[in-house]
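The values are calculated or read from the model by the stated rules, or taken from the named source; none is laboratory data. Predicted, not measured: the structure shown is a model, and the values here were computed from it. Using ideal geometry, Cβ is built from the backbone for each residue, glycine included, and neighbour counts are taken over all protein chains shown.
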């Protein structure tokens, strides 16, 4: 009996999206009088979906104002990273961009609204860029990475590059100096992380 309850309580729902290897992960919460419980990550459940993801670092960020842009970031060799992103307060429009020149979904992007109420997560595979835009005040994100932050491997592309055509749902009002300096997308640049 307990085994079946744990399975129901702790399962996750994986949905493929427009980017090869990227997934939208929805929790399957167990609700009771206290509130709810759900699993936010599980090595076995990821492996059952063919996803090799072993987190080595967890990061958090707070965006005070709506319209705060973070990204579009990725890492190349020797430290390519996958990410599992969730929003713990407020809301973000979270985007994965395929920058792998040998991928059938090269140059495509996919966006999802992540917030504390839906518990939804976005899995960003290695070789893909990640960016998010806060849509509410005091938005907090929490994400796991499969590689340690490695400054010499850190890369980015412009969030407003017409070659990518990402449709952000609210105006960008704040962006870091670094993110504002990322170059426009070029096929040669993406080839670094194929």
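Worth pointing out:
- The set of residues from region 103-118 being surrounded by 14 or more Cβ atoms within 10 Å (Cβ to Cβ) and in contact (Cβ under 8 Å) with a residue 60 or more places away in the chain comprises 103, 105, 106, 107, 108, 109, 110, 112, 118.
- Taken residue by residue, region 23-43 has at least one member that is within 16 Å of residue 125 (Cα to Cα), within 15 Å of the chain's Cα centre (by Cα) and part of a loop (DSSP other than H, G, I, E, B).
- Contacts under 7 angstrom Cβ, first residue in region 131-148 being within 10 Å of residue 85 (Cβ to Cβ), partner surrounded by fewer than 21 Cβ atoms within 10 Å (Cβ to Cβ) and modelled with pLDDT under 95, 6 or more apart: 144/41
- Residue match in region 86-99 (condition: in contact (Cβ under 8 Å) with a residue 60 or more places away in the chain, buried (at least 22 other Cβ atoms within 10 Å of the Cβ) and touching a helix residue (DSSP H, G or I) at 6+ places or on another chain (Cβ under 8 Å)): yes
- Selection of region 144-161 for residues being farther than 14 Å from residue 72 by Cβ and touching a strand residue (DSSP E or B) at 6+ places or on another chain (Cβ under 8 Å) yields 144, 145, 146, 147, 148, 149, 150, 153.
- Qualifying residue in region 122-135 (condition: in contact with a strand residue (DSSP E or B) (Cβ under 9 Å, 6 or more places away or on another chain), assigned to a strand (DSSP E or B) and surrounded by fewer than 22 Cβ atoms within 10 Å (Cβ to Cβ)): no
- Residue 70 under 23 Å from residue 26 (Cβ atoms), crowded, with 18+ Cβ neighbours inside 10 Å and either free of Cβ contacts under 8 Å to residues at least 24 places away in the same chain or touching a helix residue (DSSP H, G or I) at 6+ places or on another chain (Cβ under 8 Å) (or both): yes
- Residue among 97, 85 that is in contact with a strand residue (DSSP E or B) (Cβ under 7 Å, 6 or more places away or on another chain) and more than 30 Å from residue 36 (Cβ to Cβ): 97
- Against the conditions (1) in a loop (DSSP other than H, G, I, E, B); (2) surrounded by fewer than 21 Cβ atoms within 10 Å (Cβ to Cβ); (3) in contact with a strand residue (DSSP E or B) (Cβ under 9 Å, 6 or more places away or on another chain), residue 140 satisfies every one except (1).
- Residues within region 163-181 that are over 21 Å from residue 102 (Cα atoms) and either modelled with pLDDT under 95 or outside any loop (DSSP other than H, G, I, E, B) (or both), tallied: 7
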